[in-house]
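Participant: To start, I am sharing the structure in question, which I have written as structure tokens.
The values are calculated or read from the model by the stated rules, or taken from the named source; none is laboratory data. Note that the coordinates shown come from a computational prediction; the quantities given were computed from them, not determined experimentally. Using ideal geometry, Cβ is built from the backbone for each residue, glycine included, and neighbour counts are taken over all protein chains shown.
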Amino acid sequence: MGAVIEHSGGTGRLIVLDFDGVLLDTERTSIAVWHRLLRDKAVELRRGISVRPDRTLDRDTLRRDLLDTVGQHRTQALWDEFERLNRAEADLLDAGAGVRPFLAHCRERGHRLAVASGNCRDWVESHLERLGIRSAFRSVHCAGPGVRTKPAPDTYLGALRASLTSPHQALAVEDSYTGLAAARAAGLAAVWVTDAPDSAMPPAPSRVAYARSTS
């Protein structure tokens, strides 16, 4: 990914990274947790667990399918148990492959770093602290009261404001269609970090496979 960033604008840029799926591989973990949970609770969804072509969990569709299958009360109980199990699994994860070298590369090249996440601040900040990488980021922007989640551009706009940076001086690093849409709505160019098949092609100028992203 370092080569992509240098090619797209040189040194001293603002690099805004998504959290889930980019800095920490929680997307894959959450799908695995749902598979185990529904199997253990003997819940069978007609369409299975909804995963988008970008290999991220489609939570809205999954919730609707659960409501149709087991009703509101049990859906909420399952969701609460998922959140507990998912947090326990995520707490065991290290930063994604190549993340630490990539952050070091950005520091060496004079890039500024920020996080733009659709998740809540407690989730993101606690993991950044646990991983020992919070100090790498000048600012962290999360969905919450008054800040819409992606694909709304709010978290990216917050990162731009906090760094006094214009969109053309910034680059987004995303793993999902909704994240790419949020970056585009904020006026940022984007790199799509994914191992999805070539047939899954969102509107992004650059695509890198995560295993090779920091080579």
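Participant: Filter the range 182-211 for residues that are assigned to a helix (DSSP H, G or I), modelled with pLDDT of 85 or more and surrounded by fewer than 19 Cβ atoms within 10 Å (Cβ to Cβ) and give the result. Quick ask: steps written out before the conclusion?
Facilitator: Filtering the range 182-211 for residues assigned to a helix (DSSP H, G or I) gives 182-185, 210-211.
Okay, now just the ones that are also modelled with pLDDT of 85 or more, so 182-185.
Matches in the range 182-211: 185 only.
Participant: Residues 59, 74, 148, 84: which one is exposed (fewer than 15 other Cβ atoms within 10 Å of the Cβ), closer than 20 Å to residue 18 by Cα and either in contact with a strand residue (DSSP E or B) (Cβ under 8 Å, 6 or more places away or on another chain) or not assigned by TED's automatic domain parsing to the domain that holds residue 20 (or both)?
Facilitator: Only one candidate qualifies: 59.
Participant: When you look at residue 127, is it touching a residue at least 12 places away in the same chain (Cβ under 8 Å), surrounded by 15 or more Cβ atoms within 10 Å (Cβ to Cβ) and farther than 20 Å from residue 60 by Cβ, yes or no?
Facilitator: On the way: touching a residue at least 12 places away in the same chain (Cβ under 8 Å): yes; surrounded by 15 or more Cβ atoms within 10 Å (Cβ to Cβ): yes; farther than 20 Å from residue 60 by Cβ: yes.
When the stated conditions are applied, residue 127 passes them.
Participant: Between a residue in the range 153-170 that is without any contact (Cβ under 8 Å) to a residue 60 or more places away in the chain and in a helix (DSSP H, G or I) and any residue that is among the polar types (S, T, N, Q) and crowded, with 18+ Cβ neighbours inside 10 Å, which pairs come within a Cβ distance under 8 Å, given they are 6 or more apart or on different chains?
Facilitator: Filtered contacts from the range 153-170: 155/117.
Participant: Separate question: For residue 141, all conditions in the list (1) assigned to a helix (DSSP H, G or I); (2) buried (at least 19 other Cβ atoms within 10 Å of the Cβ) hold save one; what is the number of the exception?
Facilitator: With (1) assigned to a helix (DSSP H, G or I); (2) buried (at least 19 other Cβ atoms within 10 Å of the Cβ) applied to residue 141, the lone miss is (1).
Participant: Would you pick out the residues in the range 99-112 that are assigned to a helix (DSSP H, G or I) and touching a residue at least 12 places away in the same chain (Cβ under 8 Å)?
Facilitator: Once the filter is applied, which keeps residues that are assigned to a helix (DSSP H, G or I) and touching a residue at least 12 places away in the same chain (Cβ under 8 Å), the range 99-112 yields 99, 100, 101, 102, 103, 105, 106, 107.
Participant: Restrict the check to the range 113-128 and report whether at least one residue is part of a helix (DSSP H, G or I), more than 17 Å from residue 174 (Cβ to Cβ), over 18 Å from the mean Cα position of the chain (by Cα) and of a type in the set (Phe, Trp, Tyr).
Facilitator: Residues of the range 113-128 that are part of a helix (DSSP H, G or I), as a first pass: 121-128.
So of that shortlist, the ones also more than 17 Å from residue 174 (Cβ to Cβ) come out as 121-123, 125-128.
When the remaining residues are screened for being over 18 Å from the mean Cα position of the chain (by Cα), the result is none.
Within the range 113-128 (the criterion being part of a helix (DSSP H, G or I), more than 17 Å from residue 174 (Cβ to Cβ), over 18 Å from the mean Cα position of the chain (by Cα) and of a type in the set (Phe, Trp, Tyr)), the answer is no, since none of the residues qualifies.
Participant: Taking the stated definitions as given, is residue 112 assigned by TED's automatic domain parsing to the domain that holds residue 136, at pLDDT 95 or above and basic (Lys, Arg)?
Facilitator: In short, yes.
Participant: Give the residue that is nearest to residue 142 (Cα to Cα), with candidates limited to residues of the range 14-38 that are among the small types (Gly, Ala, Ser) and out of contact with any Ser or Thr (no Cβ under 7 Å at 6 or more places or on another chain).
Facilitator: 30
Participant: Condition (residue is over 21 Å from residue 55 (Cα atoms), polar (S, T, N, Q) and modelled with pLDDT of 95 or more) applied to the range 117-125: is it met by at least one residue?
Facilitator: No, every residue in the range 117-125 fails to be over 21 Å from residue 55 (Cα atoms), polar (S, T, N, Q) and modelled with pLDDT of 95 or more.
Participant: For residue 95, state whether it is touching a helix residue (DSSP H, G or I) at 6+ places or on another chain (Cβ under 9 Å), within 15 Å of residue 19 (Cβ to Cβ) and aliphatic (A, V, I, L, M).
Facilitator: For residue 95, the condition - touching a helix residue (DSSP H, G or I) at 6+ places or on another chain (Cβ under 9 Å), within 15 Å of residue 19 (Cβ to Cβ) and aliphatic (A, V, I, L, M) - is met.
Participant: Would you mind finding the one in 36, 47, 28 that is assigned to a helix (DSSP H, G or I) and either of a type in the set (A, V, I, L, M) or farther than 17 Å from residue 79 by Cβ (or both)?
Facilitator: Details: 36 fails: either of a type in the set (A, V, I, L, M) or farther than 17 Å from residue 79 by Cβ (or both); 47 fails: assigned to a helix (DSSP H, G or I).
Answer to the selection: 28.
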